[in-house]
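*Asks:* Following this message is one structure expressed as structure tokens.
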Amino acid sequence: MLAESGEEIERATGHRLRVVRALVRDLDKERSFAPPDGVLTTDFADVRDDPSVDVVAEVMGGVTPAGGYVRELLRAGKPVVSANKQLVAREGAELFATASEAGVQLRFEASVCAAIPVVKVLRESLIATNVHRILGIVNGTTNFILSRMERGATYAHALAEAQELGYAEADPTDDVEGVDAAAKMAILATVAFGSRVTPDEVETRGITELTPAHIAAAAELGMVVRLVGIATLEREEVDVRVQPAFVERSHPLAAVDGAFNAVMLQGDAIREITLEGPGAGGIETASAVVADLVSVVGTAGTGFLQNDACWRELRRLDTDAWRSSFYVHLDVADRPGVLAHAASRLAAHEVSVAQLVQRLEDGRASLDLVLHEAPFGRVRGALAEIAAFPEVLDRPFVAPVIA
Ligand SMILES: NC(=O)c1ccc[n+]([C@@H]2O[C@H](COP(=O)([O-])OP(=O)(O)OC[C@H]3O[C@@H](n4cnc5c(N)ncnc54)[C@H](OP(=O)(O)O)[C@@H]3O)[C@@H](O)[C@H]2O)c1
């Protein structure tokens with residue numbers, strides 16, 4: 001991409017970007033792009049100590065040794081752009097401080113949703129807008145799996161297909177358990193709210209517990225299931241979570257199909273802006289890396305932004321105080337009075353039911369409930385009591401509803 005777009009970049013910035021060095025593990029590996037002789041190296045010092053290197057793209061992945069390398073480069077006065085979400089989410093505080101001390105830029109657009117320019121939009125275009133809520137489908141693998149399940153596939157089949165098509169790794173844990181999405185949401189919340197959120201602070205649930213019955217219930221209720229990141233800033237308190245959510249069919253996130261990503265930003269002046277596009281892939285990620293390289297060479301020193309987006313320390317919202325409408329699935333024995341009993345427990349916790357679908361099968365009933373908006377703590381309290389009924393056969397399943 002740097003070679004192909006060299007002229008356009010030079011026209012725009014007055015600089016021709018040349019790859020001087022590329023650090024790899026294996027010099028003999030067959031590569032789709034053959035760099036000129038002397039470019040590839042396995043020695044990090046060749047990159048750090050080369051005075052002709054003006055800016056470095058870190059696209060190696062992993063927290064170690066990548067983090068150490070980035071710190072050394074920054075200290076050596078070399079600006080860095082990174083595609084590494086785990087590194088930026090986990091070690092951002094230290095990395096941004098190092099960059100600012102050294103007076104150079106550290107940019108990270110490609111670390112969240114690849115080609116979708118969400119960091120730039122949040123940091124630059126929406127700087128004067130109080131963005132207080134972010135809804136994101138930020139993991140293409142899980143969105144692909146859920147889209148396939150919507151069309152009748154089981155979780156196992158959908159995962160196998162995602163692996164065949166290269167959307168899912170051989171070990172899909174980070175994607176399906178929500179780890180990848182949590183790192184991305186931590187970065188987005190940090191940038192949007194100006195207060196550091198780390199991945200460990202993101203309440204995270206993946207998609208592995210979802211069954212075809214949940215997907216079918218969603219369809220019956222006029223909804224689809226998506227793995228959604230939800231970041232909320234309310235009265236100076238922050239909440240960030242990643243979990244399967246029931247999304248109303250008319251909602252823009254319900255239309256995000258297959259391996260696509262979308263991020264919806266809600267703020268005072270803008271009301272709502274949705275950015276959608278390919279959130280992964282080599283060339284897509286490269287486009288964001290190159291855009292950051294261009295931004296670095298186009299703005300000298302630390303540019304016009306502070307490296308660290310954080311300027312305050314917000315409290316974490318108590319998770320029980322987090323409000324949403326909720327979907328609940330209950331498997332119960334088909335006995336008279338179960339429904340009334342469950343409804344009375346919900347009412348005792350001041351939670352009211354908006355919709356109810358009941359299905360009977362072989363002496364068992366399944367109840368799908370949509371609850372009106374309530375603090376999560378009240379819903380959790382009511383469900384703990386309901387789960388203890390002898391007629392309730394399985395642990396209740398609960399997910400937020402996005403309308
Ligand atoms: N691919 C995507 O869709 C995507 C999307 C968004 C963000 N990202 C991020 O982009 C980064 C790179 O992903 P990728 O898919 O391009 O990975 P990749 O194909 O594995 O490429 C990593 C490159 O870094 C080199 N490398 C890795 N560890 C090294 C070490 N210890 N010392 C020297 N060189 C090392 C590898 O060298 P060899 O070639 O010799 O093995 C390889 O060239 C990751 O942080 C990833 O999270 C990727």
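The values are calculated or read from the model by the stated rules, or taken from the named source; none is laboratory data. The model shown is predicted, which means the values in this text are computed figures rather than measured ones. Positions of Cβ are generated from backbone atoms using ideal geometry, with glycine treated the same way; all protein chains shown enter the neighbour counts.
Residues checked against (1) at pLDDT 95 or above; (2) within 27 Å of R133 (Cα to Cα):
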position	(1), (2)
L346	yes, no
E350	yes, yes
L360	no, no
R364	no, no
A384	yes, no
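*Asks:* Additional query: For segment 274-292, what are the residues that are among the charged types (D, E, K, R) and within 8 Å of the ligand (Cβ to nearest atom)? Walk me through it before giving the result.
*Replies:* Initial filter on segment 274-292 (among the charged types (D, E, K, R)): 276, 284, 292.
Passing the criteria: only E284.
*Asks:* Here is a further query. If I filter segment 53-60 for residues that are out of contact with any Phe, Trp or Tyr (no Cβ under 8 Å at 6 or more places or on another chain), part of a loop (DSSP other than H, G, I, E, B) and exposed (fewer than 12 other Cβ atoms within 10 Å of the Cβ), do I get at least one hit?
*Replies:* Within segment 53-60 (the criterion being out of contact with any Phe, Trp or Tyr (no Cβ under 8 Å at 6 or more places or on another chain), part of a loop (DSSP other than H, G, I, E, B) and exposed (fewer than 12 other Cβ atoms within 10 Å of the Cβ)), the answer is no, since none of the residues qualifies.
*Asks:* Identify, please: which residue in segment 119-146 is of a type in the set (S, T, N, Q) and at pLDDT 95 or above and is, among those, nearest to the chain's Cα centre (by Cα)? Talk me through it step by step, then tell me what you get.
*Replies:* Filtering segment 119-146 down to residues of a type in the set (S, T, N, Q) leaves 125, 129-130, 139, 141-143.
If we keep only those that are at pLDDT 95 or above as well, we get 139, 141-143.
Numbers: N139: 6, T141: 11, T142: 11, N143: 11 Å.
Checked segment 119-146; the qualifying residue nearest to the chain's Cα centre (by Cα) is N139.
*Asks:* State all residues of segment 48-60 that are more than 10 Å from the ligand (Cβ to nearest atom) and touching a Leu at 6+ places or on another chain (Cβ under 9 Å); if no residue qualifies, say none.
*Replies:* Going through segment 48-60, the residues more than 10 Å from the ligand (Cβ to nearest atom) turn out to be 48-56.
If the condition is that a residue be more than 10 Å from the ligand (Cβ to nearest atom) and touching a Leu at 6+ places or on another chain (Cβ under 9 Å), then R48, V53, D54, V55, V56 are the ones that fit.
*Asks:* Select from segment 131-146 the residues that are within 16 Å of the ligand (Cβ to nearest atom) and not in a helix (DSSP H, G or I) and write down the one among them that is surrounded by the fewest Cβ atoms within 10 Å (Cβ to Cβ).
*Replies:* We begin by selecting, within segment 131-146, every residue within 16 Å of the ligand (Cβ to nearest atom); these are 136-144.
Narrowing further to those that are not in a helix (DSSP H, G or I): 136-139.
Working: G136: 31, I137: 27, V138: 31, N139: 30.
Checking each candidate, the answer is I137.
*Asks:* Among the listed residues A45, A89, identify the single one that is without any contact (Cβ under 8 Å) to a residue 24 or more places away in the chain and part of a helix (DSSP H, G or I).
*Replies:* Numbers: A89 fails: without any contact (Cβ under 8 Å) to a residue 24 or more places away in the chain.
Just one listed residue meets the conditions, A45.
*Asks:* Identify, from the list V19, V63, the residue that is within 10 Å of the ligand (Cβ to nearest atom) and in a loop (DSSP other than H, G, I, E, B). Talk me through it step by step, then tell me what you get.
*Replies:* Numbers: V19 fails: within 10 Å of the ligand (Cβ to nearest atom).
Testing whether each residue is within 10 Å of the ligand (Cβ to nearest atom) and in a loop (DSSP other than H, G, I, E, B) leaves just V63.
The rows are residues; the columns are (1) touching a residue at least 12 places away in the same chain (Cβ under 8 Å); (2) surrounded by 17 or more Cβ atoms within 10 Å (Cβ to Cβ); (3) touching a helix residue (DSSP H, G or I) at 6+ places or on another chain (Cβ under 9 Å).
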| position | (1), (2), (3) |
| --- | --- |
| M264 | yes, yes, yes |
| A269 | yes, no, no |
| A280 | yes, yes, yes |
| W311 | yes, no, no |
| S325 | yes, yes, no |
| S344 | no, no, no |
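*Asks:* Then there is this: Looking at (1) touching a helix residue (DSSP H, G or I) at 6+ places or on another chain (Cβ under 6 Å); (2) away from the ligand (no atom under 12 Å from the Cβ), find the lone condition where Q86 falls short.
*Replies:* (2)
*Asks:* Something else about it: Residue check: is L27 within 33 Å of the chain's Cα centre (by Cα) and either farther than 19 Å from A83 by Cα or assigned to a loop (DSSP other than H, G, I, E, B) (or both)? Spell out how you get there, then give the answer.
*Replies:* Numbers: within 33 Å of the chain's Cα centre (by Cα): no; either farther than 19 Å from A83 by Cα or assigned to a loop (DSSP other than H, G, I, E, B) (or both): yes.
Against the criterion (within 33 Å of the chain's Cα centre (by Cα) and either farther than 19 Å from A83 by Cα or assigned to a loop (DSSP other than H, G, I, E, B) (or both)), L27 does not qualify.
*Asks:* Criterion first (surrounded by 15 or more Cβ atoms within 10 Å (Cβ to Cβ) and either of a type in the set (S, T, Y) or not assigned by TED's automatic domain parsing to the domain that holds T204 (or both)) does R395 satisfy it?
*Replies:* no
*Asks:* Further question: Could you check segment 319-403 for strands (runs of 3 or more DSSP E) lying wholly inside it with 2 or more residues that are of a type in the set (K, R) and over 28 Å from the mean Cα position of the chain (by Cα)?
*Replies:* Working: elements: 323-333, 353-361, 364-375, 397-402.
Qualifying strands (runs of 3 or more DSSP E): none found.
*Asks:* Another one. Could you tell me whether any residue of segment 33-44 is closer than 18 Å to V289 by Cβ, within 16 Å of the ligand (Cβ to nearest atom) and within 31 Å of the chain's Cα centre (by Cα)?
*Replies:* Yes, segment 33-44 has at least one match.
*Asks:* Name the residues in segment 109-130 that are over 20 Å from R312 (Cβ atoms) and within 15 Å of the ligand (Cβ to nearest atom), would you? Don't jump to the end; show me each part of the working.
*Replies:* Taking segment 109-130 and keeping what is over 20 Å from R312 (Cβ atoms), we get 109-118, 120-121, 125.
Result: E109, A110, S111, V112, C113, A114, A115, I116, P117, V118.
*Asks:* Pick from R90, R123, R107: which is among the basic types (K, R) and under 22 Å from D54 (Cβ atoms)? Quick ask: steps written out before the conclusion?
*Replies:* Working: R90 fails: under 22 Å from D54 (Cβ atoms); R123 fails: under 22 Å from D54 (Cβ atoms).
Of the residues listed, the single one that is among the basic types (K, R) and under 22 Å from D54 (Cβ atoms) is R107.
*Asks:* Scan segment 61-81 residue by residue and report those that are surrounded by fewer than 17 Cβ atoms within 10 Å (Cβ to Cβ) and either of a type in the set (A, V, I, L, M, F, W, C) or in contact with a strand residue (DSSP E or B) (Cβ under 9 Å, 6 or more places away or on another chain) (or both).
*Replies:* Matches in segment 61-81: V63, A76.
*Asks:* Residue by residue through segment 92-112, note down the ones that are under 15 Å from E284 (Cα atoms) and either at pLDDT below 95 or not in a loop (DSSP other than H, G, I, E, B) (or both).
*Replies:* Applying the first criterion (under 15 Å from E284 (Cα atoms)) to segment 92-112 yields 108-112.
Of everything in segment 92-112, those that are under 15 Å from E284 (Cα atoms) and either at pLDDT below 95 or not in a loop (DSSP other than H, G, I, E, B) (or both) turn out to be E109, A110, S111.
*Asks:* Report, by residue number, each residue of segment 170-199 that is under 15 Å from I230 (Cα atoms) and either free of Cβ contacts under 8 Å to residues at least 40 places away in the same chain or in contact with a Pro (Cβ under 7 Å, 6 or more places away or on another chain) (or both).
*Replies:* The initial filter retains those residues of segment 170-199 that are under 15 Å from I230 (Cα atoms), namely 178-193, 197-199.
Within segment 170-199, V179, A182, A183, A186 meet the criteria.
*Asks:* If we only count strands (runs of 3 or more DSSP E) wholly inside segment 198-276, which ones have 1 or more residues that are among the hydroxyl-bearing types (S, T, Y)?
*Replies:* Values: elements: 223-234, 237-248, 260-267.
Of the strands (runs of 3 or more DSSP E) lying wholly inside segment 198-276, those with at least 1 residues that are among the hydroxyl-bearing types (S, T, Y) span 223-234.
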